[in-house]
Amino acid sequence: MKSVGKKWLLPLLAFVLLAAGCGKEAGNDAASNSNGSGTTTSDNATSGATEDKITEITVMSPYYQPEPFADDNVIKREYEKRTNMKMDVTLISSNNYEEKANVTLASGDIPDLMVLTDPFTPNVLTMMEQGAFWDITPYIKDYPNLAAYPADIWNNTKVKGKNYMIPRVRALDGDSFPIIRQDWLDKLGLPVPQTLDDLYNVMEAFTEKDPDGDGQKDTYGFTGSVDSDAMGNFVIFQNLFNNANGKWKLDGDKLEDTDLLPGTRDMLVYLNKAFTEGLIPKDFALMKTSQHEDQLKSNKAGIFNNTLNNINNIGVDLVKVAPDAQLMSPLYMISPNGAKMSIKGTGMAGALVIPKKTVSEQKLKAILAMLDYGGSPDGLMLKKGLLGVHIKEAECGYVDLPQKQLDNFGDIGQIFNGYDKYGRVPAAGAFVTCQQYADMQKLIDDRAQYSIGSPAVGLQSPTYNEVGPEYMKKIQDLKIQVIMGKQPIESWDKYVSELKADTKYQQISKEMNEAYQDRFAK
């Protein structure tokens, strides 16, 4: 290797988590489907490779741990053994991985398998269109674990109708959505909010009615941070008002810019009122993520917008000051148009590519078989470690043993992936009981029918790449000005009219629509 005891409550439309203790973000559902041996080789493990011949490949991947895993790492060796592969892995710190990756791509000396943390940059997409990487579209069907990835994820990675990348898959559902203090709802006699009006009423009560019981008006209905060019945690309001997920909304077969829709204007009026009435922090525009999390952990805010698994991050500290704290997330919210909705993630965190010039079809198949094994029940189990060495069986899953940290193999998961629909559900263990884990899985199952994904994942507009960031900063700055009352809503109306008449800005919409159509071109 080169180195450069609580309970979930289930009210109508909601699951409630008693946020006490600490859990791990994981997916023990995959492990529970395994035979538990941690040693069984999948039937597909050597597909594309022979029983006797080991395929040697070069790999480039980031590492996020303090130190990269060693070439003779026990889990790396085990993956190699089970797939008849030998990996010469170049591990590069995540701090400068993108820079090193760009240099490697430009050099043309590309490893046999390469992780791309952002596979949608213009230069990468150009390389794909020019045939620099294998088109794996006709091969996917031959690898059952890869083929089982949800269609949404494969569609999100298409480039002009073809798949040139293997997505590093993540759970689709359980993405950022309101998380609410259930104990405060109960104390104030409030139902779980379903509409934006309901949500406002809850925010108001959480601010005005002393839910923390300290006799002072020192709590906020909602807290979060924003970015210089986007709404950050507050984007949930724009999403709900527009019944959309992100800047682009699919209307029929056409992408619409949500910043120009009436729903975004309504969102600004809504948040301006909330700001004026003190329902959100006065300095929200300057706050960092750690600061709004501190408000939640210190029992001073009642609603935030985050992924389901982040309940653990907040809850473990929150119960130190509020032992009876309960957190819940609604099954769905109802947009002004009456649509029930939740938010669907992209289903991926980067991708892997295989260069066509230097990798033969035979080696391609061996690599795909190796990655397919990574997505099998046994392959997913191996990511957790060896049974009896790194993990041990618990009541309904597995818990870590000290050797797991010593063997430092967590970053092997940058290479080996598999789809876990419950990946945003905390694992059962010291914090979450088996029943709670099952209930959270059901929430994920039920949310799937309401979740909305972004139709524009990875789509590129040359004009946006040139001038888009400047527009986005201006748009975001005006949003903040309107929310804080420093500009009237009429200023927003005027700017939207200007953007609709701005030929360069409208060119972005034209190119995004073309890119959307090209994505599914045959």
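The values are calculated or read from the model by the stated rules, or taken from the named source; none is laboratory data. A quick note: this is a predicted structure, and the numbers were derived from the prediction, not measured. Positions of Cβ are backbone-derived with ideal geometry, glycine not excepted, and every protein chain shown enters the neighbour counts.
Give just the number: which of (1) closer than 27 Å to Val316 by Cα; (2) buried (at least 18 other Cβ atoms within 10 Å of the Cβ) does Gly350 not satisfy?
With (1) closer than 27 Å to Val316 by Cα; (2) buried (at least 18 other Cβ atoms within 10 Å of the Cβ) applied to Gly350, the lone miss is (1).
Give the residue that is farthest from the chain's Cα centre (by Cα), with candidates limited to residues of segment 474-522 that are within 15 Å of Val269 (Cβ to Cβ) and among the β-branched types (Val, Ile, Thr).
Ile489
Checking Lys357 against (1) in a loop (DSSP other than H, G, I, E, B); (2) at positive phi, which single condition isn't satisfied?
(2)
Looking for whichever is basic (Lys, Arg) and in contact with a helix residue (DSSP H, G or I) (Cβ under 7 Å, 6 or more places away or on another chain) here; the options are Lys282, Lys297. Which one fits?
Lys297
Quick check: anything in segment 432-447 at pLDDT below 95, surrounded by 19 or more Cβ atoms within 10 Å (Cβ to Cβ), in a loop (DSSP other than H, G, I, E, B) and not aromatic (Phe, Trp, Tyr)?
The answer is no, given that none of the residues of segment 432-447 is at pLDDT below 95, surrounded by 19 or more Cβ atoms within 10 Å (Cβ to Cβ), in a loop (DSSP other than H, G, I, E, B) and not aromatic (Phe, Trp, Tyr).
Checking the structure you have, find out if any residue of segment 259-267 is within 21 Å of Thr207 (Cα to Cα) and among the small types (Gly, Ala, Ser). Write out each step before concluding.
Here is the first cut: in segment 259-267, the ones within 21 Å of Thr207 (Cα to Cα) are 267.
If we keep only those that are among the small types (Gly, Ala, Ser) as well, we get none.
Checked segment 259-267: no residue is within 21 Å of Thr207 (Cα to Cα) and among the small types (Gly, Ala, Ser).
Step by step: first the residues of segment 136-149, then only those that are in a loop (DSSP other than H, G, I, E, B) and surrounded by fewer than 17 Cβ atoms within 10 Å (Cβ to Cβ), then the one that is farthest from the chain's Cα centre (by Cα). Which residue is that?
Only one residue fits best here, namely Pro138.
Please specify each residue of segment 384-410 satisfying the condition of being part of a helix (DSSP H, G or I) and either crowded, with 21+ Cβ neighbours inside 10 Å or polar (S, T, N, Q) (or both).
Just the residues of segment 384-410 that are part of a helix (DSSP H, G or I), to begin with: 384, 402-407, 410.
Of everything in segment 384-410, those that are part of a helix (DSSP H, G or I) and either crowded, with 21+ Cβ neighbours inside 10 Å or polar (S, T, N, Q) (or both) turn out to be Lys384, Gln403, Gln405.
Considering only segment 455-471, I want to know if a residue exists there that is at pLDDT 95 or above, in contact with a strand residue (DSSP E or B) (Cβ under 6 Å, 6 or more places away or on another chain), crowded, with 20+ Cβ neighbours inside 10 Å and outside any helix (DSSP H, G or I).
yes
Test Val89 against the criterion of being at pLDDT 95 or above and either surrounded by fewer than 18 Cβ atoms within 10 Å (Cβ to Cβ) or under 20 Å from Tyr143 (Cβ atoms) (or both), and give yes or no.
It is false that Val89 is at pLDDT 95 or above and either surrounded by fewer than 18 Cβ atoms within 10 Å (Cβ to Cβ) or under 20 Å from Tyr143 (Cβ atoms) (or both).
Here is a yes/no grid of residues against (1) outside any loop (DSSP other than H, G, I, E, B); (2) loosely packed, with under 13 Cβ neighbours inside 10 Å; (3) in contact with a helix residue (DSSP H, G or I) (Cβ under 6 Å, 6 or more places away or on another chain):
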site: Ile480; (1), (2), (3): yes, no, yes
site: Lys486; (1), (2), (3): no, yes, no
site: Ser491; (1), (2), (3): yes, no, no
site: Val496; (1), (2), (3): yes, no, yes
site: Leu499; (1), (2), (3): yes, no, yes
site: Ile508; (1), (2), (3): yes, no, yes
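Within segment 225-258, how many residues turn out to be in a helix (DSSP H, G or I) and over 24 Å from Lys340 (Cβ atoms)?
Let us first name the residues in segment 225-258 that are in a helix (DSSP H, G or I), namely 232-242, 258.
Applying the additional criterion that residues be over 24 Å from Lys340 (Cβ atoms) yields 232.
So the count comes out to 1.
What residue, among those in segment 120-135 that are within 24 Å of the chain's Cα centre (by Cα) and in a loop (DSSP other than H, G, I, E, B), is farthest from Tyr516 (Cα to Cα)?
Residue satisfying both the conditions and the ranking: Thr121.
Here is a list of conditions, (1) modelled with pLDDT under 95; (2) farther than 18 Å from Pro193 by Cα, and Lys249 meets all of them except one; can you say which number that is?
Among (1) modelled with pLDDT under 95; (2) farther than 18 Å from Pro193 by Cα, the lone unmet condition for Lys249 is (1).
A quick yes/no check of all residues on (1) farther than 20 Å from Leu459 by Cα; (2) out of contact with any Phe, Trp or Tyr (no Cβ under 9 Å at 6 or more places or on another chain); (3) surrounded by 21 or more Cβ atoms within 10 Å (Cβ to Cβ):
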site	(1), (2), (3)
Thr207	yes, no, yes
Gly215	yes, yes, no
Asp218	yes, yes, no
Asp227	yes, yes, no
Ala230	no, yes, no
Phe234	yes, no, yes
Leu250	no, no, no
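Which of (1) at pLDDT below 95; (2) closer than 15 Å to Asp259 by Cα is the odd one out, the single condition Ile508 does not satisfy?
Ile508 satisfies every listed condition except (1).
Restricted to segment 300-321, and to residues that are crowded, with 21+ Cβ neighbours inside 10 Å and part of a loop (DSSP other than H, G, I, E, B), which residue is modelled with the lowest pLDDT?
Leu308
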